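One structure follows; several queries about it will come next.
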Amino acid sequence: MALFESFRESTARRALQREPEPARERAGVNLHQAQRIGLVYLDSDEPAFKHIKGLRKHFGGEYGTRRTQALGYVPVKEKAMPIWHTQILDLHYFNLDHLNWYRKPVAETKQFEKTPFDILIDLTDGSCLPLQFVVRRSVAKMKVGRASAPRAADYDLTLEVSPQLSPTAFVQAVEQYLAQMNFV
């Protein structure tokens, strides 16, 4: 079984490499100028879920962001979904049932990928294949992620941070840079 999973993983990585980059308007955007922010995260437990809910409010209150949407990947089948996953406006998820054989999201992420965010922030370490497909296919103006991510070339801005850095600390680092940067 491990051999099959290894084969499936390598096949999925090759499919990701062949995934075309969408036509998009690239632009550097400061957090104070951003009107739409997208967050991509791995939803592993309830505290992570609550943290994302708090981030949405934080960006709106602190920077006046008009809309912050989040898309989480929950690595379980639909029947095993945790109770805290009630659909909340702008906080969506997809799970194992929404992936094809290549671990590529098939339908649930399309609307998110086609939203022209000013900033898309990948809160993961970049190792989650389904979320890598979402980042790759996104038409966001600026994509932000970790420099140590396997697909760092998909980001427009990468931050060199410790691989063990928590998503909370990573967001603080992103905030520090994007609030102070001025793009011409």
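Please enumerate the residues belonging to segment 35-66 that are out of contact with any Leu (no Cβ under 8 Å at 6 or more places or on another chain) and part of a loop (DSSP other than H, G, I, E, B).
Result: Q35, D43, S44, D45, G64, R66.
Listed here are the residues, each with its yes/no results for (1) under 14 Å from I121 (Cα atoms); (2) hydrophobic (A, V, I, L, M, F, W, C).
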| position | (1), (2) |
| --- | --- |
| S10 | no, no |
| R13 | no, no |
| P20 | no, no |
| R36 | yes, no |
| L39 | yes, yes |
| D43 | no, no |
| A48 | no, yes |
| I52 | yes, yes |
| G61 | no, no |
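Restricting segment 98-124 to residues that are in contact with a helix residue (DSSP H, G or I) (Cβ under 9 Å, 6 or more places away or on another chain) and in a helix (DSSP H, G or I), which is modelled with the lowest pLDDT?
H98
Output yes when any residue across segment 22-30 is in contact with an Asp or Glu (Cβ under 6 Å, 6 or more places away or on another chain) and either surrounded by fewer than 12 Cβ atoms within 10 Å (Cβ to Cβ) or more than 21 Å from A149 (Cβ to Cβ) (or both), and no when none is. Walk me through it before giving the result.
First, pick out the residues of segment 22-30 that are in contact with an Asp or Glu (Cβ under 6 Å, 6 or more places away or on another chain): 29.
The next check asks that each one be either surrounded by fewer than 12 Cβ atoms within 10 Å (Cβ to Cβ) or more than 21 Å from A149 (Cβ to Cβ) (or both); those that pass are none.
No - not one qualifying residue is present in segment 22-30.
Starting from residues that are among the small types (G, A, S) and surrounded by 14 or more Cβ atoms within 10 Å (Cβ to Cβ), keep the ones in segment 45-97 and report whichever is modelled with the lowest pLDDT. Write out each step before concluding.
So in segment 45-97, the residues among the small types (G, A, S) come out as 48, 54, 60-61, 64, 70, 72, 80.
Imposing the further condition that a residue be surrounded by 14 or more Cβ atoms within 10 Å (Cβ to Cβ) reduces the set to 48, 60, 70, 72.
On the way: A48: 80, G60: 85, A70: 92, G72: 91.
Filtering first and then ranking leaves A48.
Since S127 meets every condition but one in (1) under 30 Å from W101 (Cβ atoms); (2) surrounded by 18 or more Cβ atoms within 10 Å (Cβ to Cβ); (3) out of contact with any Leu (no Cβ under 8 Å at 6 or more places or on another chain); (4) not aromatic (F, W, Y), which condition does it not meet?
Unmet condition: (2).
The values are calculated or read from the model by the stated rules, or taken from the named source; none is laboratory data. The shown structure was predicted, so the numbers you read here are calculated from the model rather than taken from an experiment. No Cβ is skipped: glycine too gets one built from the backbone with ideal geometry, and neighbour counts run over all protein chains shown.
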